[in-house]
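Structure record follows, encoded as structure tokens.
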Amino acid sequence: MPSPMLGSVTDGDRPPALEVRRIGRGGGNGAEPGVGRLSAFTVDVEDWYQSCVDLDAPITERVVRNVDRILNVLDTAGVKGTFFVQGRVAEAFPGMVESLVAEGHEIQSHGYSHRALYTMTRSELRQELEYAKKSVEDASGTRVTAFRAPDFSILSANLWALDVLAEVGFEVDSSLFPARASRYGIPDWELGPHRLILPSGAELLEVPVAIWEIAGLRVPVGGGGYCRLLPRAVLERGIQGIQDSDRPAILYFHPYEFSEHELDDYRGEVPLSRRLSQSTGRKALVERLTRLLDAFPFGRFDETLSSWGLR
């Protein structure tokens, strides 16, 4: 696949056209001895109203209650996961982040404000990422090296953001969505984990979320609405198909998806159509995930990469 080339940009604070070169899939040393190949259970930790409706709204205790619901599911299955925590959430509830670490879960970054990265200049993005990294590291007491952009907001037109990620110290990214979606996605991007050499000379390991390729089509099965709405048999076939293609399946969820009636609190504030689209499938999510966690071996993001020989 040819290397993507950014078009020219007019914002004086952004760099000129940049080239991102793929250098093949990560790894090279094989899977970690004695470790079976895992799929990753990851959570983008955000508060629904603030992240989806009003970026200036306060972070509420709903996020803590909803994370507890996820922990109940993981504890029952005996699985540890990775929580990509938004910086504002870490600042509002550092105790929650500290508890996640104490319980053996991995903590990484989901940005600071939940602004889409493609709306920012280079200097704005650098500040956003510095805040994101520091706030989560302060709350967790652990080093943060992996990042997932809000709403997969690194697109073809702002691939330069990957260089900024490397500049502030991130080593792994899970922001590129290699399929077509209404608001995001780079449809022809590499599906499996791969290393990127950036214009600065820095290197990133890119690990996309689960996309199943079948009969020339790319079917997202990684999480969010896709995991809530697709038939369970399709999800299971998709995850198995990804593994059979020699790729780890990276699943992602959000805390609010585990609260069936949360959006009822926003009657009169949020249109009914949006509340319905966001809440559909939540009732069956826990049962669906319980079956998936029983059918496939899941673990933390870092453990999954190691089990596939990628770290």
Mind listing whichever residues of the range 78-102 are without any contact (Cβ under 8 Å) to a residue 24 or more places away in the chain and at negative phi?
G95, S99, A102
Quick one: would you say A40 is part of a helix (DSSP H, G or I), under 22 Å from the mean Cα position of the chain (by Cα) and either under 20 Å from F147 (Cα atoms) or modelled with pLDDT of 90 or more (or both)?
no
Hey, can you tell me all the residues within the range 82-133 that are of a type in the set (V, I, T) and crowded, with 23+ Cβ neighbours inside 10 Å?
T82, V85, V89, V97, I107
Could you please let me know if A77 is more than 21 Å from E260 (Cα to Cα) and hydrophobic (A, V, I, L, M, F, W, C)?
no
Within the range 268-285, identify whether any single residue is more than 22 Å from the chain's Cα centre (by Cα), within 25 Å of G78 (Cβ to Cβ) and of a type in the set (D, E, K, R), and answer yes or no.
yes
Can you report the number of residues in the range 45-75 which are surrounded by fewer than 18 Cβ atoms within 10 Å (Cβ to Cβ) and of a type in the set (S, T, N, Q)?
2
Out of all the residues in the range 209-221, is one or more within 16 Å of the chain's Cα centre (by Cα) and at pLDDT below 95?
yes
What pairs come up if the first residue lies in the range 230-246 and is within 16 Å of L38 (Cβ to Cβ), the second is among the hydroxyl-bearing types (S, T, Y) and surrounded by 17 or more Cβ atoms within 10 Å (Cβ to Cβ), and their beta carbons are under 7 Å apart, counting only those six or more places apart or on different chains?
I239/S39
Members of the range 161-175 found to be farther than 15 Å from Y131 by Cβ and touching a residue at least 60 places away in the same chain (Cβ under 8 Å), listed by number:
L162, D163, V172, S174
For the range 94-140, how many residues are of a type in the set (A, V, I, L, M, F, W, C) and touching a strand residue (DSSP E or B) at 6+ places or on another chain (Cβ under 7 Å)?
6
Among the residues of the range 231-266, which ones are in a strand (DSSP E or B) and surrounded by fewer than 20 Cβ atoms within 10 Å (Cβ to Cβ)?
none
Complete set of residues in the range 139-171 that are among the small types (G, A, S) and within 24 Å of A181 (Cβ to Cβ)
A146, A149, S153, S156, A157, A161
Within the range 267-283, how many residues are at pLDDT 75 or above and surrounded by 13 or more Cβ atoms within 10 Å (Cβ to Cβ)?
1
Scan the range 245-268 and give yes if some residue there is of a type in the set (V, I, T) and more than 20 Å from G81 (Cα to Cα), otherwise no.
no
Failed condition for P199, given (1) part of a loop (DSSP other than H, G, I, E, B); (2) modelled with pLDDT of 90 or more; (3) more than 13 Å from I242 (Cα to Cα)
(2)
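The values are calculated or read from the model by the stated rules, or taken from the named source; none is laboratory data. Note that the structure is a prediction, hence the values are computed from the model and not measured. We place every Cβ from the backbone using ideal geometry, glycine too, and count neighbours over all the protein chains shown.
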